[in-house]
Amino acid sequence: MFNAFSALAASPFRRGLVRAVTASALGAMALFAGLQSAQAQTPVRFTLDWRFEGPSALFLMAIEKGYFKAEGLDVTIETGNGSREAIPRVGAGTFDVGFGDVNSLIRFRDENPGVDLKAVMMVYDKPPFAIVGRKSRGVTADVKSLEGKKLGAPAADAAFAQWPIFKSVNKLDDSKIRLENIGFPVREPMLASGEVDAVFGFANTSYINLKARGVPVDDIVVMLMADFGVELYGNVVMVSPKFLAEKPEAVRGLLRAITKSVRDTAANPELGAQLVIKRNDVARVEVELERLKMTLDQNVMTPWVKANGFGNVDKARWERALDQIGLNLSFRDKARAGDAFTDAFLPPAAERTF
């Protein structure tokens, strides 16, 4: 007997219908999986210490290579207003993660005992704190040449915050030194024009900016404070107390991604500079490449880091740094203030050695 259903099932129409239904179902499953994946991505707001310049490539590379995404993180990186300003941003929970000065973090902890803000990764093993002057203004490599000079200092500058330590260690008579409060935007222009004899700043900022403004290299003097007895550490990755408590695995994933990002940036700074230019259309690639290379060589890939791995601290040096901070800060609770760094979320040492 003729079976109409069997005929229909065997017809080209039926086969096409089956294929269409199957494709539709597979498409729906893929869409659902994609939605699930999107929902699984943990949003992370990350504040830099400054503009998108060479050093920001250390983190931008993780976006470019998909390292954050592979860890289930949707990281948004935003610019900052100075390495000290990142601390209250993260401490208040406005940002989940920040890149800023660990010495200012220690002070913040001492002044805010109710906020358990911690650093989880050391990035600048050697801080870029510097006094940058000009030979034509009488500044030399001898720190005593600063006496009798006018120094420009942005009040919120992290390098200027270390002035009490620097002058104490080097026995400078600050009564012979005139300090002038100046803004970040006019710092290098004022030094270039001779309105001040030297400025406080990060070496990888002030030196590169002066050079870009046409100041001859042989007229620029860079006094890295770390070369003059200052044992402090520099910038760290810090995490808000709430994010650290609620999403510890996300923090571990974040640090794995940043470790890979720093490794790749050190291996390919040219790509790193290009990533910066994509986000800063007034920057020049050759300037940011030089700034990035200077940062890697002086601050990140130090001899200690090459021997011991990226991201951690030397405990004996940490204690000496705390003692130096105590030269200009009467700690309310030194132990608590100094408990500003934890290595508990870092990848294994073997993954941090490159």
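Readers should treat all values here as calculations from the given coordinates under stated rules, not as data from a laboratory. The structure presented is a predicted model; accordingly, all values stated were derived computationally and were not measured. Heads up, the Cβs are rebuilt from the backbone with ideal geometry, glycines too, and the neighbour counts pull from every protein chain shown.
Worth a mention:
- Along the axis of the charge dipole computed for the chain (Cβ charges of +1 for Lys and Arg, -1 for Asp and Glu, origin at the Cα centre), the listed residues Gly82, Ala40, Ala349 are led at the positive end by Ala40.
- One way to sum up the overall shape of segment 39-95 is the equivalent ellipsoid from its Cα gyration tensor, whose semi-axes run 21, 16, 6 Å, largest first.
- Segment Glu246-Val186, length gained on full extension (0.36 nm per residue, minus Cα span): 17.4 nm
- DSSP bridge analysis restricted to the chain gives an antiparallel fraction near 55%, rounded to the nearest 5.
- Segment 129-228: radius of gyration over Cα atoms, expressed as a fraction of 2.2 N^0.38 Å: 0.94
- Positive-end residue, the chain charge dipole about Cα centroid, Cβ charges, pick of Asn280, Gly138, Met294: Asn280
- Summary of the geometry: segment 194-262 and segment 82-100, compared by the centres of their Cα atoms, lie 15 Å apart.
- Computed magnitude of the charge dipole of the chain (debye, nearest 20; Cβ of K, R +1, Cβ of D, E -1): 740
- Rg(Cα) / (2.2 N^0.38 Å) computed for segment 162-295, rounded to two decimals: 1.32
- Rounded to 10°, Cα long-axis angle of helix 315-325 versus longest principal axis of the chain: 50
- Across all directions, the average projected area of the convex hull around the alpha carbons of the chain is 23.8 nm².
- HN-Hα J in Hz across segment 329-335 - Karplus 6.51, -1.76, 1.60, θ = phi - 60°, x for Gly and Pro: 9, 7, 4, 6, 8, 4, 4
- Computed per residue of the chain from DSSP H runs no shorter than four, each worth -39500 (n - 2.57), the mean residue ellipticity at 222 nm is -13000 deg cm²/dmol.
- Secondary structure note: in segment 129-228, about 60% of the DSSP beta bridges are antiparallel.
- In plain terms, the bigger the Kirkwood radius, the slower the diffusion; for segment 74-197, with that radius from Cα pairs, at 37 °C and 0.692 mPa s, Stokes-Einstein puts D at 200 µm²/s.
- Computed from point charges on the beta carbon alone (+1 for Lys and Arg, -1 for Asp and Glu), the dipole magnitude for segment 129-228 about its Cα centre is near 100 Debye.
- Asp227/Asp116 FRET efficiency (R0 35 Å; Cβ-Cβ; nearest 0.05): 0.55
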